[in-house]
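Any read-out appearing in this document is the output of simple, stated calculations on the displayed coordinates, not a laboratory observation. In this text the structure is predicted, and so the values were computed from the model without any measurement. Because the Cβ atoms are built from the backbone with ideal geometry, glycine has one as well, and the counts that use them run over all protein chains shown.
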Amino acid sequence: MIPRTRALLLVVALVLAAAGCGLAAPGGSDEQPKVTILGPWTDSQENQFKDVLDGLGIPYTYQGTAATREVLLAEVQAGNPPDIAILPGVGELVEYAAEKRLRSLRGLYEPEEYGKPWQPEARGVADDLWVPLKADLKSIVWYRKDRPPPSSPAPLASWCIGMGDDGASGWAGSDWIEDLILQSAGPVLYERWATGDIAWTDAPVADAWTRWAGLLAQDPAAAERALLSDHRGGPGGHGLLFGGGCDLEHQGSFARSFYGDLKERAAFTDSARLLPGGPSLKGREVSADFAALFGRSVQARELLRRLTSRKAQAEWGRKAGVFSPNSAVHAKNGAVEKQISSRLTDHRVPLCLDASDVMPAAVRDAFYEAVLLTIAHPDDPVRPRLAAIQKVQDAQPRVQDAQPEDTPRLTRVCSRPQ
């Protein structure tokens, strides 16, 4: 695997913390092995996911942590990976696939129920090694119903921004950059950038980054507060939108879960017109949590088959308000859920996977670091930061004896308009 020095310094602490978090083993016995699952959901989201698992009838142990990538890397290197790992993206899964660590999922789900980008294409690896379990819409802005958003780009003072996270601080800022590139340059260039075909210093990337830095430079004090704020909000339990003294939040569809009992007072709109420069809507950024099979047991395969079924996906959506990338599963809760679900399945507008989720881990980490440095120093030139990310991308190791064009990597992460 690609070395991640800073992450590995924390691996032991992360594993120890995660080992005591989110363990559950309904049914079963010492004679009946439990399927081990590593996933990104903790707290209330973990409880909702375990409600679904409990109904599948197969004994399991679930380990929930915000640091899934680091914990999985530690467990793989220790020779004890989980049977099933669920990651918020496929960038690392390509690396595990290249090392022949993943098992085929053929026969466990119906591929025809998923289209692009939920089945991203990867060069040099099989196309049946991961399946998306949960989807989110990202090219949106949340607002309070009693405070409708403006019809043009909003100043920094209007925005709720928090960079803090238990696992990878800075990703909330990367979503801004990604959305700006998608809306200003379009899905074709976005896809080429996300998959490493154009340089970070090229104009589409540099222009979007410069626009975002310009927004932050409007109020350095507010930018500094964003560094110190958690993306989920404070201890009050109502997220940034209802507890941060701001009016707009550029955050994925999952943000609604942070608003607690005030969530019915929140609405959303497409993000494009509110972003710096006010670009037109050219695509929608989306994300997914992908499951991969590391174990060989029959029980693990059967649990994953049941988890990806229409019944389990619909039940999860009904109980937790989450969204399935399966085209045969539709949201049946409220108006907001139906609006989000319709955008996730509307292929008249291209859908593109979150770029940082499809990048190699080291490149993604450099991306996040540059985001945080830009927030801390928004007046500094952006090109040196982009050149630093490019150096990391250029330094990525290749498969032994393989030509650059043969190195396994994702090649298609956007849908095409239909």
The answer for the longest stretch of the chain without any exposed GluC sites (Glu not before Pro) (DSSP loop, at most 16 further Cβ atoms within 10 Å) is 100-418
Contact order relative to length for the chain, counting C-alpha pairs under 8 Å separated by 6 or more residues, stands in percent at 27
In nanometres, the difference between 0.36 nm per residue of separation and the alpha-carbon distance of residue 349 and residue 218 is 43.9 nm
Normalised per residue, the volume inside the convex hull of the alpha-carbon atoms of region 140-282 in Å³ amounts to 109
Per-residue Cβ contact counts at 10 Å, fewest first, order 247, 270, 175 as 270, 247, 175
Rh_Kirkwood(region 24-162) over Cα pairs, Å, one decimal, evaluates to 18.2
Note on region 140-282: contact order normalised by length, alpha-carbon pairs under 8 Å, 6 or more apart, percent, works out to 46
Ordered by number, the trypsin sites (Lys or Arg not before Pro) in region 301-383 that occupy a DSSP loop and have at most 14 other Cβ atoms within 10 Å are 332, 348
Summing -39500 (n - 2.57) over every DSSP H run of at least 4 residues in the chain and dividing by its residue count gives a helix-only mean residue ellipticity at 222 nm, to the nearest 500 deg cm²/dmol, of -11000 deg cm²/dmol
Calculating Cα Rg over 2.2 N^0.38 Å from this structure picks out, from [x] 1.01; [y] 1.16; [z] 0.94, entry [z]
Those trypsin sites (Lys or Arg not before Pro) from region 50-109 that are DSSP loop and have at most 14 other Cβ neighbours within 10 Å turn out to be 100, 106
The rounded separation in angstrom of the Cα centers of region 112-179 and region 334-391 is 7
